[in-house]
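Trainee: To start, I am sharing the structure in question, which I have written as C-alpha cells.
The values are calculated or read from the model by the stated rules, or taken from the named source; none is laboratory data. For clarity, every value in this text was computed on a predicted model and none was experimentally measured. In this analysis, Cβ positions are derived from the backbone assuming ideal geometry, glycine residues included, and neighbour counts consider all displayed protein chains. Surface accessibility is based on the protein's heavy atoms, side chains included, excluding ligands, DNA and RNA. Shrake-Rupley method; radii C 1.70, N 1.55, O 1.52, S 1.80 Å.
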Amino acid sequence: MSALGRASLVVGMSLLATACGRKGPLIYPDMLVPAAPAAVTAQQSGPAVKLRFALPDKDRAGRPVKGVAGVKISRRTAEADQRDVCRACKDDYRPFLTLYLDHMPVATQRFGNRVVLIDSDVSAGYSYSYSIVPFTADGVDGASSPTADVRVTAPLSAPVLKSEPYPTEVRLHFSWQMQVSGRLLGYNLYRWPFATVRSFEPLNREPLMGNEYIDSGLERGVRYRYTARAVVVLESGGVAESAESQEVEGMLKDDE
C-alpha cells in the first residue's frame, strides 16, 4: 500500500471511531493479539527439565483478552559448552509441542493461569532454550515469550525422606549428602492425596531450610503421599532440583 493509501486508511479509521463516539489513541490490529506468556522459567529437575509459564490474560495493548486456546512451544538444543549461540536468533528453534488447554498431555499440569510442563527428552551435557507463543481458538498467534534457558547436567542424587504421623500433623524429615560442587538451598516437598495424580508443584514457595517440616491442616482419614527433592545452586550458577526421593505415606494418627 502506498504512503497516501496508508494515511487515508488511518484518517478513515480515526473518523469512524469519532463518529461512533469513542475517543482515544488508535489501536493497530497487531496489538489486539494475546500478549506474551509471562514468568517463563526452565529448571533441571532430576534427569528432566521443568518448564513453567503464566498464560496471558491481556492483549498487547493491555486490554483483557479471552479465547486463548493454547500455546506453541519451540525448543533449541545446543552442546553445553558451545560458544557461538545467538540467544536472540530464532532460526535454530524447532517446534517442540502444541499444547491445547482443553486437552492437556500427561506431562503437563495447570494451576490457575500457570502451566508446568515436564520435558523428559533431554540429555546431560546439552543446553535447552524454550520460546512460547499463545494462540486463540480462531488460530491467531500472539506475542512470543522471552526465551528460558537451562543447562542439563548429570542428575543429582535423591534425598532421603521419612514421615512420622501425629494426631494433628505429619512430620517430614529430610537428609541429603552433597556430592557435587555447589550449595544446598533447601528442599522442595511434594504432597498429593493417595488416589490422585502426583503434583508437579511443591507445597513450599521457597526451598525448605533445615531437616524437618511439619505438615498440618490435613484432612483426617485421608492418606497422603510425599516426595522431596534437594534444591542446589550448582558451580555454574544454575539452580537445579535433585532426583526425587522415595515416596512415603502420611496420615493423621488417631488420638490415643
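Trainee: Would you say V170 is part of a loop (DSSP other than H, G, I, E, B) and touching a strand residue (DSSP E or B) at 6+ places or on another chain (Cβ under 9 Å)?
Mentor: Judged against the criteria, V170 is not a match.
Trainee: Which of the residues spanning the stretch 165-175 are under 14 Å from T227 (Cα atoms) and either open to solvent by 20 Å² or more (accessible area, probe 1.4 Å) or charged (D, E, K, R) (or both)?
Mentor: Selection gives R171, H173, S175.
Trainee: Filter the stretch 31-55 down to residues that are more than 20 Å from S127 (Cα to Cα) and open to solvent by 20 Å² or more (accessible area, probe 1.4 Å), then give me how many there are.
Mentor: Going through the stretch 31-55 one residue at a time, the tally reaches 6.
Trainee: Read through the list (1) within 28 Å of V71 (Cα to Cα); (2) out of contact with any Pro (no Cβ under 9 Å at 6 or more places or on another chain); (3) not acidic (D, E), then give the number of the only condition that Y190 fails.
Mentor: (2)
Trainee: Mind checking which pairs have a first residue in the stretch 233-256 that is in contact (Cβ under 8 Å) with a residue 60 or more places away in the chain and crowded, with 17+ Cβ neighbours inside 10 Å and a second that is assigned to a loop (DSSP other than H, G, I, E, B) and basic (K, R), Cβ under 6 Å, 6 or more apart or different chains?
Mentor: Within 6 Å, the pairs are L252/R220.
Trainee: Residues to consider are S181, S157, S129, S144; find the one that is open to solvent by 20 Å² or more (accessible area, probe 1.4 Å) and under 20 Å from the mean Cα position of the chain (by Cα). Walk me through it before giving the result.
Mentor: On the way: S181 fails: under 20 Å from the mean Cα position of the chain (by Cα); S157 fails: under 20 Å from the mean Cα position of the chain (by Cα); S129 fails: open to solvent by 20 Å² or more (accessible area, probe 1.4 Å).
From the options S181, S157, S129, S144, the qualifying one is S144.
Trainee: All but one of (1) surrounded by 12 or more Cβ atoms within 10 Å (Cβ to Cβ); (2) over 27 Å from M31 (Cα atoms); (3) of a type in the set (A, V, I, L, M) hold for V106; which doesn't?
Mentor: (1)
Trainee: Give G139, G112 a once-over and let me know the one that is exposed (fewer than 13 other Cβ atoms within 10 Å of the Cβ) and under 17 Å from A54 (Cα atoms). Steps first, answer last, please.
Mentor: Working: G139 fails: under 17 Å from A54 (Cα atoms).
Every option except G112 fails the conditions.
Trainee: Which residue pairs have Cβ atoms under 8 Å apart, sit 6 or more places apart or on different chains, and have a first residue in the stretch 153-170 that is more than 16 Å from E247 (Cβ to Cβ) and a second that is open to solvent by 40 Å² or more (accessible area, probe 1.4 Å) and charged (D, E, K, R)?
Mentor: Y166/K253; P167/K253; P167/D254; P167/D255; P167/E256
Trainee: Further question: Looking only at the stretch 175-207, which residues are of a type in the set (D, E, K, R) and either closer than 16 Å to L161 by Cα or not in a loop (DSSP other than H, G, I, E, B) (or both)?
Mentor: Our first condition is that a residue be of a type in the set (D, E, K, R); within the stretch 175-207, this holds for 183, 191, 198, 201, 205-206.
The answer is R183, R191.
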